[in-house]
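Only one structure is covered here, and it is reproduced in the block below.
Any read-out appearing in this document is the output of simple, stated calculations on the displayed coordinates, not a laboratory observation. All values derive from a computational prediction rather than experimental measurement. Quick reminder, even Gly has a Cβ in these numbers, built from the backbone with ideal geometry, and neighbours come from all protein chains shown.
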Amino acid sequence: MALTIVNLTFIVGKWQGTGLAEYPTISPVDYDEGLVFARNDKDPVIHYEQRAWIKSSDKRNGEPIFWESGFIIDKGNEQFELVSAQRSGRVEILRGEAKPTDGGGIGIDFFSVSISNDARMIKSGRRYRFSETTVDYELRMSTTDNPLFDRHLRARLRRPGM
């Protein structure tokens, strides 16, 4: 059975969790995150909005650190595209193949094919593992200041109340 956007409809709704931002050019910072997936029955897409706030014991606690919105688009043959617009103005298009995971979920590893409006970015990639109870993801990137493909974000999210 080929995986389609219909197989991902179980992710529709609100998710919350925590993550860690790290990269050779920044100091590590913990964050709280909210992620919302939405879908209509007409289009083979899922819309998402992702927001994060600094999690710390100092005055920065609760400050916005990240905000993006975009779409997961079913391109057919288990190929998906992730289109992301970020509050910084950067726009990314990433592509990946959906595969079943050992736990009965779906995994997609996305790799950038286009990055606009951010001259620092060389490439990016995101690894998602979707299950009925968790969304795990990791973001890696290469920049002009650090050409290595290093991890920048990792997080685990759950539905509120779980």
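General remarks:
Residue by residue, here is whether (1) touching a helix residue (DSSP H, G or I) at 6+ places or on another chain (Cβ under 8 Å); (2) among the hydroxyl-bearing types (Ser, Thr, Tyr) holds:
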{"residue": "VAL12", "(1), (2)": "no, no"}
{"residue": "GLY19", "(1), (2)": "no, no"}
{"residue": "TYR31", "(1), (2)": "no, yes"}
{"residue": "ILE46", "(1), (2)": "yes, no"}
{"residue": "ARG51", "(1), (2)": "no, no"}
{"residue": "SER56", "(1), (2)": "no, yes"}
{"residue": "ARG60", "(1), (2)": "no, no"}
{"residue": "SER69", "(1), (2)": "no, yes"}
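- Segment 25-51: number of residues that are among the aliphatic types (A, V, I, L, M), within 25 Å of THR143 (Cβ to Cβ) and without any contact (Cβ under 8 Å) to a residue 24 or more places away in the chain: 1
- Taking the criterion of being surrounded by 17 or more Cβ atoms within 10 Å (Cβ to Cβ) and not acidic (Asp, Glu), the residues of segment 15-46 that qualify are TRP15, GLY17, GLY19, ALA21, TYR23, TYR31, LEU35, PHE37, ARG39, VAL45, ILE46.
- Any hit, segment 114-126, residues being in contact (Cβ under 8 Å) with a residue 60 or more places away in the chain and either in contact with a helix residue (DSSP H, G or I) (Cβ under 9 Å, 6 or more places away or on another chain) or among the basic types (Lys, Arg) (or both): no
- Among the strands (runs of 3 or more DSSP E) confined to segment 43-152, the ones with at least 2 residues that are β-branched (Val, Ile, Thr) and in contact with a strand residue (DSSP E or B) (Cβ under 7 Å, 6 or more places away or on another chain) are located at 45-54, 64-76, 91-100, 106-116, 135-143.
- Odd one out for LEU157, checked against (1) without any contact (Cβ under 8 Å) to a residue 40 or more places away in the chain; (2) under 15 Å from PHE37 (Cβ atoms): (1)
- Each residue in segment 80-108 was checked for being basic (Lys, Arg) and touching a Gly at 6+ places or on another chain (Cβ under 8 Å), and 1 of them qualify.
- When each of ARG87, ARG51 is tested for being surrounded by fewer than 19 Cβ atoms within 10 Å (Cβ to Cβ), under 17 Å from the mean Cα position of the chain (by Cα) and more than 21 Å from THR9 (Cα to Cα), the lone residue that passes is ARG87.
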